[in-house]
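J.: Let me begin by handing over the structure; questions about it come next.
Where a number appears in this text, it was derived from the coordinates with a stated rule and is not lab data. What you are looking at is a predicted structure, and each value in this text was computed from that prediction instead of being measured. Quick reminder, even Gly has a Cβ in these numbers, built from the backbone with ideal geometry, and neighbours come from all protein chains shown.
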């Protein structure tokens, strides 16, 4: 199957869940978020620019859907992750398939923790702090690697 077809299917899956969620609750902001997400997917930009727009509008779509339907929001989150990671090379030929599985599992795990907890704020803050810490460690290691590479050392 071709990559634009799969990305289109993921975009349409996320948008259709948003439309059904909005029709079920009678709210209109999910419809607007779905329309903006589809427009971002249709933009003719470079791959990196398209990823940024898909991610930004996709997260707005997740927030709009997760309000009325928590499990719908989790499914939309996984579809947005897939749409963002499906680049021009495609998942089977890159490490994006591993990242898709990792990010989808993390989203499902985080959603499961938030769903089962009595307090939403404390686990959310703990998950946010964990992600921020992991990001800081990853960025620091990447910067050290680049400094070593450009200063004449070996990696």
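J.: Subtracting the Cα-Cα distance from 0.36 nm times the residue separation, let me have the gained length for residue 106 to residue 51 in nm, one decimal.
T.: Numbers: separation 55, 0.36 × 55 = 19.80 nm, distance 1.96 nm.
Once the chain is fully extended between residue 106 and residue 51, it gains 17.8 nm.
J.: Also: Using only DSSP helix segments of four residues or longer, with each worth -39500 (n - 2.57), what per-residue ellipticity at 222 nm results for the chain after dividing by its residue count and rounding to 500?
T.: Values: 6 runs with 124 residues, N = 155.
Helices in the chain give a 222 nm mean residue ellipticity of -27500 deg cm²/dmol.
J.: Note the per residue figure in Å³ for the convex hull of the C-alpha positions in the range 3-116. The partial results should precede the final answer.
T.: On the way: hull volume 9.2 nm³, N = 114.
Cα-based convex hull of the range 3-116, divided per residue, equals 81 Å³.
J.: Just need the relative contact order of the chain here, percent rounded to a whole number, with Cα pairs under 8 Å and 6+ apart. Spell out each step's value before the answer.
T.: Numbers: 140 pairs, mean separation 31.0, N = 155.
Answer for the chain is 20 percent.
J.: Please find the FRET efficiency linking residue 113 to residue 27, where r is the Cβ-Cβ separation and R0 is fixed at 35 Å, and quote it to the nearest 0.05. Please report the intermediate quantities before stating the final value.
T.: On the way: r = 26 Å, r/R0 = 0.75.
Result of the calculation: an efficiency of 0.85.
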